[in-house]
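Report on the structure given below.
Any read-out appearing in this document is the output of simple, stated calculations on the displayed coordinates, not a laboratory observation. Since this is a predicted model, take the numbers as computed values, not measurements. Here the Cβ is made from the backbone with ideal geometry for all residues, glycine too, and neighbour counts use every protein chain on show.
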Amino acid sequence: DAGVIQSPRHEVTEMGQEVTLRCKPISGHNSLFWYRQTMMRGLELLIYFNNNVPIDDSGMPEDRFSAKMPNASFSTLKIQPSEPRDSAVYFCASSIGRSGQETQYFGPGTRLLVL
Amino acid sequence: DAKTTQPTSMDCAEGRAANLPCNHSTISGNEYVYWYRQIHSQGPQYIIHGLKNNETNEMASLIITEDRKSSTLILPHATLRDTAVYYCIVRVVSNYQLIWGAGTKLIIKP
């Protein structure tokens, strides 16, 4: 039974470059979450989709961050241009249900380093 | 959502029961207690959740006090692979938000 799949697992890039993180939720799940984890701030919710529609993007740090969910089995988180302070581990999680209140299952994360 | 208080770190001997406490004295009647853990370099893993009754699954047991102001996660026979940061989260049933604290770093010693 495949869990949440994220790619790449590691990304090293230079400041100013575009970064795209990818997520495939668990089949049948209709809610998807993007989180960011740093030592200083812990785990933070960036954006929440339900049935492919963004419901809450209040956690997206600024306009450099954007997220899309073109279909039920794929989502991307894009940072353009990237900055060193964006270095963090980015997690995708999914759940099944109407409002996202159900148990969330997390992927392995993408470790991003911006030089 | 109510806040939670957990010890920063705990040790437990391999094979023994690990008991992780969580204080949530301001919990409301419609808030569940959730437990997740995060093993080093992995994503958070769901363990168990409950409202007011004690719960048990293949991973752990959750004991919630009668007044619901505190709870204990029990790993009945801890192994080295249970070394992780354990997060206690209180969450309104209709709210998708998980508010993550610092958690308890549990170290299982051989």
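From the list A:PRO61, A:PRO81, exactly one residue is assigned to a loop (DSSP other than H, G, I, E, B) and in contact with a Gly (Cβ under 6 Å, 6 or more places away or on another chain). Which is it? The conditions single out A:PRO81.
Confirm whether B:ILE74 is buried (at least 16 other Cβ atoms within 10 Å of the Cβ), outside any loop (DSSP other than H, G, I, E, B), under 13 Å from the mean Cα position of the chain (by Cα) and in contact (Cβ under 8 Å) with a residue 40 or more places away in the chain. Even if it seems obvious, please write down each step before you answer.
Numbers: buried (at least 16 other Cβ atoms within 10 Å of the Cβ): yes; outside any loop (DSSP other than H, G, I, E, B): yes; under 13 Å from the mean Cα position of the chain (by Cα): yes; in contact (Cβ under 8 Å) with a residue 40 or more places away in the chain: yes.
Yes: the conditions hold for B:ILE74.
Each row is one residue, and each column tells you yes or no for (1) within 14 Å of chain B (Cβ to nearest Cβ); (2) among the hydroxyl-bearing types (Ser, Thr, Tyr); (3) farther than 13 Å from A:VAL4 by Cα.
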residue	(1), (2), (3)
A:PHE65	no, no, yes
A:LYS68	no, no, yes
A:ALA72	no, no, no
A:SER82	no, yes, yes
A:SER87	no, yes, yes
A:PHE91	yes, no, no
A:SER94	yes, yes, no
A:GLY107	yes, no, no
A:THR110	yes, yes, no
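Can you say whether A:TYR35 is under 16 Å from B:TYR46 (Cβ atoms) and part of a strand (DSSP E or B), as far as the supplied structure shows?
Working: under 16 Å from B:TYR46 (Cβ atoms): yes; part of a strand (DSSP E or B): yes.
The answer is yes for A:TYR35.
Applying the selection to the stretch B:86-99, what residues are within 18 Å of B:GLN42 (Cβ to Cβ) and either more than 13 Å from every other protein chain (Cβ to nearest Cβ) or surrounded by fewer than 19 Cβ atoms within 10 Å (Cβ to Cβ) (or both)? If the condition is that a residue be within 18 Å of B:GLN42 (Cβ to Cβ) and either more than 13 Å from every other protein chain (Cβ to nearest Cβ) or surrounded by fewer than 19 Cβ atoms within 10 Å (Cβ to Cβ) (or both), then B:TYR86 is the only one that fits.
Report whether or not A:TYR90 is in contact (Cβ under 8 Å) with a residue 12 or more places away in the chain, crowded, with 17+ Cβ neighbours inside 10 Å and out of contact with any Leu (no Cβ under 6 Å at 6 or more places or on another chain). In short, no.
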